[in-house]
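The structure appears right after this line, and notes come after that.
The values are calculated or read from the model by the stated rules, or taken from the named source; none is laboratory data. Given the structure is predicted, the values throughout are model-derived calculations rather than measurements. Here the Cβ positions follow ideal geometry from the backbone for every residue, glycine too, while neighbour counts run over all protein chains shown. Note: accessible area is taken over every heavy atom of the protein model, side chains too, but ligands, DNA and RNA are not part of it. Shrake-Rupley method; radii C 1.70, N 1.55, O 1.52, S 1.80 Å.
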Amino acid sequence: MEHGNPGCQLDPNRIEEAIIKVLAGERQFFATLITAYERQIYRYCYCILRSREEAEDAVQDIFVKVYQEIGRYEKRVSFSAWLYKVAYHHCLDQLRRRKRRTRLLSLYTMQFVRNYHEAPDDSPVDKLFKDINPEERGLLILRVVEQYSFDEIAQITGHSSVALRKKYERLRKKLVQQKANEGGCSHGEVAESN
């Protein structure tokens, strides 16, 4: 099952046709894939990387990589799951690079590091994501926003679906507790919205 933008159904046959044409050398059909998934992949990258500029760059890099490696796509998984797998690994690589870069810069001056980080946004989503790690953010986006099954998320991340289900349940409890500590909604309200 292909997942699309919330108000817009993607036709899996149209996606598969575009892939076949790209594989046959008709490069212009790759635009169909970009149009279909660009917004979702940007949102996913932004939620993990927490930087608009890095997310924009990541989306470009991901689609270049997908174009170069489209011959490796196997129909046994949905194209969107394969695309999210590429995005997941690319974002993790970006975070590792960022962490190394930040460590290197901190050796030179602590003041530079303080100025290097972006000021946090006070939106509810930013408050929610502030206290969870990038892997948890990715799981939350794939499960809640994109509505992938745990089996599909396992294919994307390379983790077992049982482990992901447990991690998701711990994350949900953590967020319920966080909301309760802020004087927000009760456990029942969060459970009903889930």
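In the set ARG96, ARG100, ARG50, only one residue is modelled with pLDDT under 95, among the charged types (D, E, K, R) and in contact with an Asp or Glu (Cβ under 9 Å, 6 or more places away or on another chain); that residue is ARG50.
For the stretch 49-80, enumerate the residues that are assigned to a helix (DSSP H, G or I) and among the hydrophobic types (A, V, I, L, M, F, W, C).
LEU49, ALA55, ALA58, VAL59, ILE62, PHE63, VAL64, VAL66, ILE70, PHE79
Applying the condition of being more than 17 Å from ALA81 (Cβ to Cβ) and charged (D, E, K, R) to the stretch 45-71 and asking which residue is surrounded by the fewest Cβ atoms within 10 Å (Cβ to Cβ) yields GLU53. From (1) without any contact (Cβ under 8 Å) to a residue 40 or more places away in the chain; (2) open to solvent by less than 60 Å² (accessible area, probe 1.4 Å); (3) part of a helix (DSSP H, G or I), pick out the condition that doesn't hold for GLY25. Result: GLY25 passes all but (3). Close contacts from the stretch 62-88, counting a first residue that is over 25 Å from LEU49 (Cα atoms) and a second that is acidic (Asp, Glu) and part of a helix (DSSP H, G or I), with Cβ to Cβ under 9 Å and a gap of 6+ residues or different chains, come to LYS75/GLU16; VAL77/GLU152.
In this structure, does TYR148 turn out to be out of contact with any Cys (no Cβ under 9 Å at 6 or more places or on another chain), open to solvent by less than 60 Å² (accessible area, probe 1.4 Å), modelled with pLDDT of 90 or more and part of a loop (DSSP other than H, G, I, E, B)? Please lay out each step first, then the result.
Numbers: out of contact with any Cys (no Cβ under 9 Å at 6 or more places or on another chain): yes; open to solvent by less than 60 Å² (accessible area, probe 1.4 Å): yes; modelled with pLDDT of 90 or more: yes; part of a loop (DSSP other than H, G, I, E, B): yes.
When the stated conditions are applied, TYR148 passes them.
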